[in-house]
Amino acid sequence: MTRRDPPLALLAEVTHRCPLQCPYCSNPVALERAAGELGTDDWCRVIAEAADLGVMQIHFSGGEPLARKDLETMVEQAAKCGLYSNLITSAVLLTEERMNRLRDLGLDHVQISFQDSAAASGDRIGGYRGGHAKKLGAARLVRAAGLPLTLNLVVHRQNLDNLEAMLGMAEALDAHRVEVAHVQYYGWAYENRAALLPNRAQLDRATATVEAARERLKGRVVIDYVVPDYYARRPKACMGGWGRRFLNVSPSGKVLPCHAAETITDLEFESVTARSLAEIWESSPAFERFRGTEWMPEPCRSCDRRELDWGGCRCQAFAITGDAAQTDPACGLSPHHDLMLSLAARESGRGPPDFVYRNYGNIPETPATARPEVLLPDGSE
Ligand code: SF4
Ligand code: SF4
């Protein structure tokens, strides 16, 4: 029995290995190698501890969870522990045999990411030739196995104009739900921000496209859509608030309040190899640091939205200001909001640079998030 409300869901990042190289990947730029990953027994223990703690859902993610040959054992353990399980996958490694085996072991749901509506662009963005065709085949395998399917459409300036075709693809694949997710600028996405950030006109067209599709597909496909932070007036309640609803276990066993939390370089995260999940959830200093409202600076401290959005995203505050304890600059009331708008105008207003593809050979020595943003008054760097 724990004092705190239990987390609702566990994001199990079972590996950082992935055949794709998406330039917006939310994994930390310091990718974990296979030798540092938790083994099967540790993951099965973590899954049991999560269920004991009160977690209801487990999302197997990565990297690419299918890169682990023991995924089936973990899915089976989740079912035994009574957890609803979801596989978040690029799907290029999914075979019919594995799909049916995962279903038979208790997998409840599959979420497949698509990089674009057409093969040439999708393969270029994901850095994996032939990937788009494999994803189409895998989506059909999911539906043939009788499992519900969600499509993750990560959108940015290089595919946003194809959104209507991407939504048509979701309908043709008999998806139940579509998450149209604007890139979140942490990890690799932060390195590639100028290549990915859309301009306001592009964003407005996409929002109109989503509204029309919601009307057309009502009762058949649910479409989730959130305006990107760089053009928002108020921040999202990131993860439903730091340490309130979700926890994340990294491939090496670090327990994080969100998948991007390791970008905050002055926090230390405890590992499931040293303490139980319940102990970490209850009292880990990293979870305690931004829980509730006590930590908040002004203007959050006296704002009537402080228990709605919980001050927004700590990782974004750190990335833009160098201080995770600042109000999220996505908020129009933040003293750093103008800086964020200037960055958006500057980076979406010039030709996109080449992608820095996410792979083990491209890991930057100093991540861009370790270099707080500075703009001169004329908008130059
Ligand atoms: S975003 Fe792309 S590179 Fe990152 S884990 Fe997902 S499929 Fe792999
Ligand atoms: S000031 Fe803080 S609590 Fe108020 S809306 Fe902005 S981020 Fe949310």
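Only the coordinates and a few stated rules stand behind these numbers; no lab work does. Note that the structure is a prediction, hence the values are computed from the model and not measured. Positions of Cβ are backbone-derived with ideal geometry, glycine not excepted, and every protein chain shown enters the neighbour counts.
Quick notes on this structure:
- Net charge of Cβ neighbours under 12 Å - reference D123; Lys, Arg +1; Asp, Glu -1: +3
- For the chain, the residue among A286, M56, C315 whose Cα projects farthest onto the positive side of the dipole built from Cβ charges is M56.
- Positive dipole terminus of the chain, leading residue within A138, Q21, L105 (C-beta point charges): A138
- Computed from backbone phi with θ = phi - 60° and the Karplus coefficients 6.51, -1.76 and 1.60, the 3J(HN,Hα) list for segment 259-271 is 5, 9, 4, 5, 5, 7, 6, 9, 10, 10, 10, 7, 10 Hz; x is used for glycine and proline.
- Summed over qualifying helices (DSSP H, 4 residues or more, each -39500 (n - 2.57)) and divided by its residue number, the chain shows a 222 nm mean residue ellipticity of -9500 deg cm²/dmol.
- With eigenvalues of the C-alpha gyration tensor scaled by 5 and rooted, the chain, Å: 30, 27, 20
- Prolate/oblate/rounded call for segment 176-257, Cα gyration tensor, a/c under 1.5 rounded: oblate
- Take every Cα pair under 8 Å whose residues are at least 6 apart in sequence, average their separation, divide by the length of segment 199-291, and the relative contact order is 20 percent.
- Value of relative contact order over the chain, rounded to a whole percent, pairs C-alpha under 8 Å and six or more apart: 19
- Placing +1 on the Cβ of every Lys and Arg and -1 on the Cβ of every Asp and Glu, with nothing else charged, gives segment 236-296 a dipole about its Cα centre of roughly 280 debye.
- Projecting the Cα positions of P7, S85, P235 onto the charge dipole of the chain (unit charges on Cβ atoms of Lys, Arg, Asp and Glu, taken about the Cα centre) puts S85 furthest along the positive direction.
- In loop segments of segment 107-194 as defined by DSSP, the trypsin sites (Lys or Arg not before Pro) with at most 13 further C-beta atoms inside 10 Å of their C-beta are R129.
- 3J(HN,Hα) along segment 337-350, derived from phi through the Karplus expression 6.51 cos²θ - 1.76 cosθ + 1.60 where θ = phi - 60°, amounts to 5, 4, 4, 5, 5, 5, 4, 4, 5, 5, 7, 8, x, 10 Hz, with x in place of Gly and Pro.
- Tensor-based shape of segment 235-381 (alpha-carbon gyration tensor, a/c under 1.5 rounded, otherwise prolate or oblate): oblate
- Coil-residue trypsin sites (Lys or Arg not before Pro) of segment 44-109, DSSP, other Cβ within 10 Å capped at 10: K69
- Electrostatic dipole magnitude of segment 21-178 [Cβ: Lys, Arg +1; Asp, Glu -1; Cα centre; debye, to 20]: 360
- Trypsin sites (Lys or Arg not before Pro) restricted to segment 307-370 and DSSP loop, no more than 14 other C-beta within 10 Å: R350
- Rounded to whole Hz, the Karplus (6.51, -1.76, 1.60) HN-Hα couplings of segment 115-132, x for glycine and proline: 8, 5, 8, 10, 4, 4, 6, x, 5, 5, 5, x, x, 8, 5, x, x, 4
- Using a cutoff of 8 angstrom between alpha carbon atoms and counting only pairs six or more residues apart, the relative contact order for segment 109-211 works out to 28 percent.
- Using Cβ point charges alone (K and R +1, D and E -1), the dipole size of the chain about the Cα centre works out to roughly 780 debye.
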